[in-house]
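Here's the structure we're looking at; comments come further down.
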Amino acid sequence: MSQSLQLRYYAAAGIVAAVVLNLLLRTFVRLGGVFTTLLIAAAIAAGLALVFHWRTGRAPSNAERWRLTLLYGGVLGLLYLGLLGMMYLQDTPSPMGLFLFSLHYLCYPVLAWLAFSPRHGR
């Protein structure tokens with residue numbers, strides 16, 4: 001299987017996991033806040049890194065790390081922009097609300113970037 005195709009599957013799996021875990025933990029378990037976001041983002045990043053290492057037997061190259069982070073973070077960014085648009089339709093968020101919203105989003109690509117670090121794949 002092509003390496004770029006494989007990275008698309010990893011990114012898609014991470015995005016689906018982010019949506020499902022957020023729905024489950026925030027709706028049914030009633031957890032919220034930055035801690036829940038960090039928990040979900042760390043679990044997804046660790047899971048993706050472990051599966052990548054398990055399937056390939058190596059750490060990702062720098063190009064693979066960039067590509068996966070950009071795919072994963074980019075699509076999640078589009079979903080977050082849609083969510084931000086829905087927030088604007090209800091009421092204009094405050095600057096602090098926008099900051100917290102950005103902080104929630106940035107947890108996902110940053111933790112994925114750190115989890116796919118070459119030093120963790122040895």
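For region 82-122, a residue qualifies if it is of a type in the set (Gly, Ala, Ser), surrounded by 12 or more Cβ atoms within 10 Å (Cβ to Cβ) and not in a helix (DSSP H, G or I), and exactly one does: SER117. Just need a number here: residues in region 65-80 that are open to solvent by less than 40 Å² (accessible area, probe 1.4 Å) and out of contact with any helix residue (DSSP H, G or I) (no Cβ under 6 Å at 6 or more places or on another chain). Qualifying residue count, region 65-80: 3.
For region 51-67, the criterion of a residue being part of a helix (DSSP H, G or I), among the basic types (Lys, Arg), in contact (Cβ under 8 Å) with a residue 40 or more places away in the chain and closer than 12 Å to ALA112 by Cα is satisfied by at least one position.
If you check THR56, THR37 for being crowded, with 18+ Cβ neighbours inside 10 Å and over 16 Å from ALA13 (Cα atoms), only one passes: THR37. The single condition among (1) in a helix (DSSP H, G or I); (2) within 20 Å of SER117 (Cα to Cα) that LEU24 does not satisfy is (2).
Scan region 33-54 residue by residue and report those that are closer than 14 Å to LEU103 by Cβ and out of contact with any Leu (no Cβ under 7 Å at 6 or more places or on another chain).
Going residue by residue through region 33-54, those that are closer than 14 Å to LEU103 by Cβ are 33-38, 40-41.
Within region 33-54, GLY33, PHE35, THR37, LEU38 meet the criteria.
The values are calculated or read from the model by the stated rules, or taken from the named source; none is laboratory data. As the structure is a computational prediction, the values presented were derived from the model and not from experiment. Because the Cβ atoms are built from the backbone with ideal geometry, glycine has one as well, and the counts that use them run over all protein chains shown. In case anyone asks, the SASA skips ligands and DNA or RNA and just uses the protein heavy atoms, side chains included. Shrake-Rupley method; radii C 1.70, N 1.55, O 1.52, S 1.80 Å.
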